[in-house]
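Here, each number is a calculation from the coordinates, and none is a lab measurement. These numbers were taken from a predicted model, which means no experiment stands behind them. So basically every Cβ, Gly included, is an ideal-geometry build from the backbone, and we count neighbours across all protein chains shown.
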Amino acid sequence: MNRTKRKIFEIAMKLFSEKGYDATSIEEITATVGVAKGTLYYHFSSKEEIFNFLIEEGMKLLKNSIEIKTSKCNTVKEKIKAIILIQIKGIIKYENLLSIVFSQILGNEPRNQLCKDKVQEYVDVIERVIKDGIENQEMRKCNSKLMAYTIFSLTSSLMMYKNQTKKEYSILELYRECETIIFGQI
């Protein structure tokens, strides 16, 4: 991605996160980036295309991180710990992206469905790990989809917790809390 496209991507993510999709205009994005509308339209045909690109690329990055990291782990427990750690890092590093996804996940518009689909793809990766653990008898039998959503939801709720408490938490501190909660259930 070239520098201008990346800047449009980052500014749009920040504005969508802070103001919401509907309240963010193309004019505001171009003014904040410091480019003409023509330059923006060279890279993206519409605000909707910017949004779609942002969600597609952002969620793909998070999903790929899990797939790469878990492929290096030997046990399901190690894989779940890696997933927890990646999600916590993602919450801190990609808070704007996740704020957008969570704000758009309800509803029936195309962008709502896109967010639902991308979250589902992400959770599917977690579910595959859980299913492997059940099949290999490394985990007790459970509803693998529910457990995958539980892991995703627990770590995702840390973003709200962090914002509500207005306290800075270290990744390790949050990781230890989640590890205790999740592994007390497995």
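A few points about this structure:
- Of the residues making up segment 139-173, those that are hydroxyl-bearing (S, T, Y), surrounded by 15 or more Cβ atoms within 10 Å (Cβ to Cβ) and under 19 Å from the mean Cα position of the chain (by Cα) are Y149, T150, T155, S156, Y169.
- In segment 61-87, the residues that are touching a Cys at 6+ places or on another chain (Cβ under 7 Å) and either among the hydrophobic types (A, V, I, L, M, F, W, C) or surrounded by fewer than 15 Cβ atoms within 10 Å (Cβ to Cβ) (or both): A82, I84
- Of the residues making up segment 36-45, not a single one is touching a Leu at 6+ places or on another chain (Cβ under 9 Å) and surrounded by 15 or more Cβ atoms within 10 Å (Cβ to Cβ).
- K167 being out of contact with any Lys or Arg (no Cβ under 8 Å at 6 or more places or on another chain), closer than 30 Å to A23 by Cα and not in a helix (DSSP H, G or I): yes
- Within segment 123-167, tally of residues that are among the charged types (D, E, K, R), free of Cβ contacts under 8 Å to residues at least 40 places away in the same chain and within 17 Å of E95 (Cβ to Cβ): 2
- Pairing residues of segment 104-117 that are closer than 13 Å to L54 by Cα with residues that are surrounded by 14 or more Cβ atoms within 10 Å (Cβ to Cβ) and among the aromatic types (F, W, Y), at Cβ distances under 6 Å and at least 6 apart in sequence or on separate chains, gives R111/F51.
- Residue list for segment 140-181, filter: of a type in the set (A, V, I, L, M, F, W, C) and closer than 22 Å to F102 by Cα: L146, M147, A148, I151, F152, L154, L158, M159, M160, I171, L174, C178
- Of all the criteria given as (1) without any contact (Cβ under 8 Å) to a residue 12 or more places away in the chain; (2) more than 20 Å from K14 (Cα to Cα); (3) not small (G, A, S), the one not satisfied by I80 is (1).
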